[in-house]
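K.L.:
Structure below; questions to follow.
Every read-out reported here was derived from the displayed coordinates using simple, explicitly stated rules and does not represent laboratory data. Quantities reported herein were computed from a predicted structural model and do not represent experimental measurements. Methodologically, a virtual Cβ is constructed for each residue, glycine included, from the backbone with ideal geometry; neighbour enumeration extends over all protein chains shown.
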């Protein structure tokens, strides 16, 4: 599928981040789109941006949808069929996801289930719902967005990340399983697994909103006390930092995650679409993703030990040093 013009693509989690940039780049190529997100205002901003970029005649529809609710996903599919007057789609980008539920032991079950529901069941329900429309097309492609946390289930040796990682591992296994299933039973449909590293998105901010929490600058005294407990539990030094400083620091970290990432959401979207064009089933995004993938394969028994994190930092420093040396004037 080298050309997306005139195709019909579905993008979940299209309100921001990679989902928004996928939608914008597809729209610019003249791809008709059915977009969904749980954050309605963000979704409408994406729709308007896509419409401005799209050639005349490109149809872009936007649909509020909680992808963890199968009835809403089915309603989304039916609305796409109706508004686009179609019985088929060509592209399905299962991109929606949030963080949360880091610890299976200490965190609230509702947050754990919510994160897992959006990240995993969003992929499952949408693939189930749209599969008949993909099968009805002359060619189709499913793109499932996993993560480096789909092969490394933490954020370091002191920071559990169980709900998100469990979901992303499930996406990885599902998409790998589809390789044989599609080849045998629907060879005109392909599937790609996307595993991004650190991409500049608002996932940290949006996850807090979806989970009904408060952003750091809006936290109450009770919120801050709970935050201190969590940070102390994972070994972060916060002694001597007052509440206002702590809130400002956490807010800045969220914004830095979005604004100072090594790879932008637009760059990630470009890599994904190039991968679709070349029928890559495994798409790693970012040097950090490639390095982590390599080290986890080399050192699986120590992947969750402090020594692994130190090895990772050493490798990153060595690569940065090598890069700096290569850029020195000859």
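K.L.:
Using a basic spin-label model with each label point 7 Å from the Cα along Cα→Cβ, how many nm lie between residue 221 and residue 61?
P.N.:
Taking the two extended label points, one gets 5.2 nm.
K.L.:
What nm value, rounded to one decimal, do you get for the distance between residue 176 and residue 41 when each label is placed 7 Å out toward the C-beta?
P.N.:
Calculated label separation equals 4.1 nm.
K.L.:
So the label point goes 7 Å from the Cα of residue 302 along Cα→C-beta, right? Which residues of the range 121-162 then have their backbone N under 17 Å from it?
P.N.:
Of the residues in the range 121-162, 156-158 have backbone N under 17 Å from the label point off residue 302.
K.L.:
Mind jotting down the distance between the C-alpha centroids of the range 269-324 and the range 193-228, whole Å?
P.N.:
One Cα centre to the other: 24 Å.
K.L.:
Okay, next question. In what sequence, highest mean first, do 154-165, 300-311, 45-56 appear when ranked by Cβ atoms within 10 angstrom?
P.N.:
154-165, 45-56, 300-311
K.L.:
Quick one: length gained pulling residue 5 to residue 236 fully straight, 0.36 nm per residue minus the C-alpha distance?
P.N.:
Fully extending the segment from residue 5 to residue 236 adds 78.2 nm.
K.L.:
Which of the following values of volume of the Cα convex hull per residue in Å³ was calculated from the structure shown: [x] 163; [y] 152; [z] 132?
P.N.:
Read-out from the structure maps to [x].
K.L.:
Another question, if that's okay. I'd like the orientation of helix 40-53 relative to the chain: the angle between its Cα long axis and the longest Cα principal axis, in ° from 0 to 90, rounded to 10.
P.N.:
Taking the Cα atoms of the chain, the angle to 40-53 is about 60 degrees.
K.L.:
How many nm separate the modelled label positions at residue 209 and residue 243, each set 7 Å beyond the Cα in the direction of the Cβ?
P.N.:
2.5
K.L.:
Something else: Cα axis of helix 243-259 to longest principal axis of the chain: angle in degrees, 0 to 90, nearest 10?
P.N.:
So the inclination is approximately 40 degrees.
K.L.:
DSSP beta bridges in the chain, what fraction antiparallel, as a percent rounded to 5?
P.N.:
Roughly 5 percent of the DSSP beta bridges within the chain come out antiparallel.
K.L.:
Compute a Gaussian network model of the chain, connecting alpha carbons closer than 10 Å, and tell me which residue from 256, 69, 242 fluctuates the most.
P.N.:
242
K.L.:
Related question: Using the beta-carbon distance between residue 277 and residue 83 and R0 = 25 Å, what value does 1/(1 + (r/R0)^6) give for FRET efficiency, to the nearest 0.05?
P.N.:
Here the calculated transfer efficiency is 0.40.
K.L.:
Sticking with this structure for a sec: Once you've got the GNM for the chain with C-alpha springs shorter than 10 Å, pick whichever of 190, 172, 81 has the biggest mean-square fluctuation.
P.N.:
Fluctuation is largest for 81.
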